[in-house]
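S.K.: Once you've had a glance at the structure underneath, I'll fire off some questions.
Here, each number is a calculation from the coordinates, and none is a lab measurement. Keep in mind the model is a prediction, meaning the values are calculated, not measured. For neighbour counting, all protein chains shown are included, and Cβ atoms are generated from backbone atoms with ideal geometry for every residue, glycine included.
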């Protein structure tokens, strides 16, 4: 089976009139369908740059990026916008919800831009909210009436509704307490069990431990991969506690 995401020799150089700053120095890695992969690295490692490339928010200066069989590295802005809308589900640390709109309104909003028929939107939103385990009695509350964990579940549901190729989560537990963060990470694990592909950006080892594999970045390069065996041991420890 072909990887759902493959980056080959990605180089990113930020240029100004005075200088050129390399952010990625030739990154290569792939993600298989249904895999849960964490990308880790300290500040300045290049993980934010790599996240922007994976999310089609930026393009590599050099190299190839294949997403779901399509080379997106050379696409123009309109094409990238279409990819972002249909093939990538974004989950952010700060939730990025409309605070005075209902949960249902927030989750149906992305479908307006992907031309999903009006009659289908609410059914899809209900499916996504059920998938993340948000109580039905919260669906018509405004999002500013929810807890942080509930808001992040809404954000994950919003990421799901257009049936994306991957879910890209940027520090999704960063604004949550430890217990609520665990609930959100277990939500990602359940989605993976349903066949979803998840790429999670983090700087925390205990968050990365929920993934099948961790890609470690340093100074704009992949320096190591931590495979599933290490994750299994960590996961067992959490269950025993």
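S.K.: With equal scatterers on the alpha carbons only and no solvent term, can you work out the Debye log10 of I(q)/I(0) for the range 15-92 at 0.24 1/Å?
M.R.: -1.40
S.K.: Shifting gears a bit: Rg and Dmax of the range 140-197 over Cα atoms: what are they, in angstrom?
M.R.: Calculated on Cα positions, Rg and Dmax stand at 11.6, 31 Å.
S.K.: Measure nothing but the geometry: give the 0 to 90° angle between the long axis through the Cα atoms of 118-131 and the longest principal axis through the Cα atoms of the chain, rounded to 10°.
M.R.: Relative to the chain, helix 118-131 is tipped by roughly 80 degrees.
S.K.: Kindly work out what percent of the DSSP beta bridges joining two residues of the chain are antiparallel, to the nearest 5.
M.R.: 55 percent
S.K.: Please work out the Cα center distance from the range 1-36 to the range 80-155, rounded to the nearest Å.
M.R.: 29 Å
S.K.: May I ask for the percentage of alpha-carbon pairs in the range 107-231 that lie more than 23 Å from each other?
M.R.: On the way: 2827 of 7750 pairs.
Distances greater than 23 Å cover 36 percent of the Cα pairs.
S.K.: Put a dot 7 Å past each Cα toward the Cβ at residue 13 and residue 85; how far apart are the dots in nm?
M.R.: 3.4 nm
S.K.: Residues in the range 9-44 near a label at residue 225, defined as backbone nitrogen under 16 Å from the 7 Å Cα→Cβ point?
M.R.: Counting only backbone N, you get 9-10, 27-40.
S.K.: Over the residues of the range 82-163, compute the C-alpha Rg and express it relative to 2.2 N^0.38 Å. List each step's numbers first, then the result.
M.R.: Values: Rg = 11.5 Å, N = 82, 2.2 N^0.38 = 11.7 Å.
Here the Cα radius of gyration is 0.98 times the empirical estimate.
S.K.: Something else: Give the calculated FRET efficiency between residue 2 and residue 135 to the nearest 0.05, with a Förster radius of 30 Å applied to their Cβ-Cβ distance. Walk me through the numbers on the way to the answer.
M.R.: On the way: r = 39 Å, r/R0 = 1.28.
Efficiency at R0 = 30 Å is approximately 0.20.
S.K.: Right, something else. According to the Kirkwood expression over distinct Cα-Cα pairs, how big is the hydrodynamic radius of the chain, in Å?
M.R.: 18.5 Å
S.K.: What does the helix-only formula give at 222 nm for the chain: each DSSP H stretch with n ≥ 4 adding -39500 (n - 2.57), the total divided by the residues, and the result rounded to the nearest 500 deg cm²/dmol? Present the calculation step by step, with values, prior to reporting the outcome.
M.R.: Details: 8 runs with 89 residues, N = 241.
Mean residue ellipticity at 222 nm (helix-derived): -11000 deg cm²/dmol.
S.K.: Sticking with this structure for a sec: Highest mean first, how do 15-26, 157-168, 48-59 rank when packing is the count of other Cβ atoms within 10 Å averaged over residues? Numbers along the way, then the final one.
M.R.: Values: 15-26: 12.2, 157-168: 22.7, 48-59: 20.0.
Ranked from most to least packed, the peptides come out as 157-168, 48-59, 15-26.
S.K.: Sticking with this structure for a sec: Helix 228-240 against the longest principal axis of the chain: what's the angle in degrees, Cα atoms only, rounded to the nearest 10?
M.R.: 30 degrees
S.K.: How high is the FRET efficiency between residue 74 and residue 21 when r is their beta carbon distance and R₀ equals 22 Å, given to the nearest 0.05? All intermediate terms of the calculation are to be shown ahead of the outcome.
M.R.: Numbers: r = 22 Å, r/R0 = 1.01.
Once the sixth-power term is evaluated, E becomes 0.50.
S.K.: To continue, here is another question. If you line up the long axis of helix 103-112 against the longest principal axis of the chain, both from Cα atoms, how many degrees apart are they, to the nearest 10?
M.R.: Orientation of helix 103-112: about 50 degrees from the principal axis.
S.K.: Classify the range 57-111 as rounded, prolate or oblate, taking a ≥ b ≥ c as the square roots of the eigenvalues of its Cα gyration tensor: rounded when a/c is under 1.5, otherwise prolate if a/b is larger than b/c and oblate if not. Please report the intermediate quantities before stating the final value.
M.R.: Working: a/c = 3.03, a/b = 2.38, b/c = 1.28.
Note, shape of the range 57-111 comes out prolate.
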